[in-house]
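Have a look at the structure below, then the notes.
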Amino acid sequence: MPGIVLTTINARYIHASLGLRRVFANLRELRPQACIQEFCLTDQVADMAEKILASQPAIVGIGVYIWNAVQVRQLVGILKRVAPDACVVLGGPEVSHLPLRVDLSEADCLLQGEGELAFHALCAAILAGGPPPERIVSAAPPAAEDLVSPYPFYTDEDLAHRLTYVEASRGCPFTCEFCLSSIDKRVRPFAIDGFLDEMEQLWRRGARTFKFVDRTFNSNLAAAGRILDFFLAKTPPFHVHFEVIPDHFPEDLKERLQRFPAGALQLEVGIQTLHPPTAANISRRLDFDRIRENLGFLEQSTTAHLHVDLIVGLPGESIDQFGENLNVLAGLTRGEIQIGILKKLSGTAISRHDREYGMVYSPDPPYEILCNDLIPFARMQEMKRLARFWDLVYNSRSEERRVGKECRSRW
């Protein structure tokens, strides 16, 4: 009977939680007393609670994110009413920055920061009969070499049917004010030799769909080159996803990207804005000439499927300027263009613009902008509808273009 249940509510079944597996791996000698239980947003909260409490756990650890914070609040309420002696510990982005924006006051403990090592210490103390934990526990970022690998704890079913999330580094060197990754400006890589050994083990177990969560995959070119070489040495079919910065593609990186077979590579290219004053407002680097050159290269010289992003509602950017950005980007790439609505994530610096630019956000997750000094509420609502229909119509055509591109490359 597990004394510790680790759980979260994923957006969909295909998303296996890397965070839970990292926490589980770093329980070390406590792992035999623990289990992972994952749920989806379509599951009933009472059914989640029933499954969690079936083993009468002493500790329930829950990962909290913008997409599941409301359901977690409901889940915690049931757990503490039905099993008040169970210690409910919450971790993840939604509890790592105060004040909390969803009422999670019924939980026993909030573990803030990267909590793998801190959660182990907390569980050891509780199971040994120690005093109740402090309400808030702050965890310092662990050194990469101190962490136990999570990858053996993907099950065979995970590898066969779900995305295999992996990370070669943590942190981001950039300071984009809307992004949580900008809080930790140090890039902390995992040792590349050990990381590639772990990828090899996943490959031998049957993993063929790898999604890297690194925020800037091509910031460390030496590591990026070795990772690309790892996949280039493999026999298709496989699919690998990287998030890249659009202005950093030296020739040796380009040469590797050109060698990927059709259908094997997806690149998420963060653009967000092409308006220099807006980029300056949010502390984002913008080199339009490099962006244009590199998107042209990716379109014309590789078979990579491109997914590029623009954000509506950034401080100082009007609807007309956003429209110009969208027109330019549609002329540069035939890939997917994701129109995102600005979110005010807890802990980010975007809040510093609230007064000057009249930024008003929803108080509920995912904390999307409602209006600002340049975009009234009704117009912002229209833009949200545009984003939805753009995805349904334009991006579906982009998928058709991608398939055609792959077929042409094969012939």
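Quick test for you: out of THR209, THR216, pick the one residue that is open to solvent by less than 30 Å² (accessible area, probe 1.4 Å) and of a type in the set (Ser, Thr, Tyr). Outline the logic, then answer.
Numbers: THR209 fails: open to solvent by less than 30 Å² (accessible area, probe 1.4 Å).
Among THR209, THR216, only THR216 is open to solvent by less than 30 Å² (accessible area, probe 1.4 Å) and of a type in the set (Ser, Thr, Tyr).
Scan region 139-153 and tell me whether some residue there is buried (at least 19 other Cβ atoms within 10 Å of the Cβ) and not in a loop (DSSP other than H, G, I, E, B). Within region 139-153 (the criterion being buried (at least 19 other Cβ atoms within 10 Å of the Cβ) and not in a loop (DSSP other than H, G, I, E, B)), the answer is yes, since at least one residue qualifies.
A single member of GLY77, GLY130, GLY61 is assigned to a strand (DSSP E or B) and of a type in the set (Gly, Ala, Ser), and it is GLY61.
To keep it simple, each residue is scored yes or no on (1) of a type in the set (Asp, Glu); (2) surrounded by 20 or more Cβ atoms within 10 Å (Cβ to Cβ); (3) farther than 27 Å from TYR151 by Cα.
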position	(1), (2), (3)
ILE14	no, no, no
ASN26	no, yes, no
TRP67	no, no, no
LEU98	no, no, yes
SER105	no, no, yes
LEU111	no, yes, no
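Residue count for region 332-363 under the criterion of being closer than 20 Å to ASP184 by Cα, open to solvent by 20 Å² or more (accessible area, probe 1.4 Å) and within 18 Å of the chain's Cα centre (by Cα): the result is 4.
Only one residue in PHE230, PHE195, PHE212, PHE190 is touching a helix residue (DSSP H, G or I) at 6+ places or on another chain (Cβ under 9 Å), over 23 Å from ASP146 (Cβ atoms) and of a type outside the set (S, T, N, Q), so which one is that? If you could, list the steps in order and put the result at the bottom.
Details: PHE195 fails: over 23 Å from ASP146 (Cβ atoms); PHE212 fails: over 23 Å from ASP146 (Cβ atoms); PHE190 fails: over 23 Å from ASP146 (Cβ atoms).
Answer to the check: PHE230.
Can you find a residue in region 129-141 that is under 21 Å from the mean Cα position of the chain (by Cα), more than 16 Å from THR209 (Cα to Cα) and touching a residue at least 40 places away in the same chain (Cβ under 8 Å)? Yes, region 129-141 contains a residue that is under 21 Å from the mean Cα position of the chain (by Cα), more than 16 Å from THR209 (Cα to Cα) and touching a residue at least 40 places away in the same chain (Cβ under 8 Å).
Identify all residues within region 279-331 that are part of a helix (DSSP H, G or I), open to solvent by 10 Å² or more (accessible area, probe 1.4 Å) and farther than 25 Å from PHE389 by Cα; write none if there are none. I'd like the intermediate steps shown before the answer.
At the first step, the residues of region 279-331 found to be part of a helix (DSSP H, G or I) are 279-281, 288-301, 319-331.
Subset that is open to solvent by 10 Å² or more (accessible area, probe 1.4 Å): 280-281, 288-290, 292-293, 296-297, 299-301, 319-321, 323-324, 326-328, 330-331.
Across region 279-331, the qualifying residues are ALA280, ASN281, PHE288, ASP289, ARG290, ARG292, GLU293, GLY296, PHE297, GLN300, SER301.
Only one of the numbered conditions (1) more than 17 Å from ARG28 (Cα to Cα); (2) surrounded by fewer than 19 Cβ atoms within 10 Å (Cβ to Cβ); (3) touching a strand residue (DSSP E or B) at 6+ places or on another chain (Cβ under 9 Å) is violated by ILE52, and that is (2).
Under the condition of being without any contact (Cβ under 8 Å) to a residue 24 or more places away in the chain, touching a strand residue (DSSP E or B) at 6+ places or on another chain (Cβ under 9 Å) and within 13 Å of PRO315 (Cα to Cα), the residues counted in region 352-394 number 6.
The values are calculated or read from the model by the stated rules, or taken from the named source; none is laboratory data. Please read all numbers here as calculations on a predicted model, not as lab measurements. Positions of Cβ are generated from backbone atoms using ideal geometry, with glycine treated the same way; all protein chains shown enter the neighbour counts. Ligands, DNA and RNA are excluded from the accessible area calculation, which covers all protein heavy atoms including side chains. Shrake-Rupley method; radii C 1.70, N 1.55, O 1.52, S 1.80 Å.
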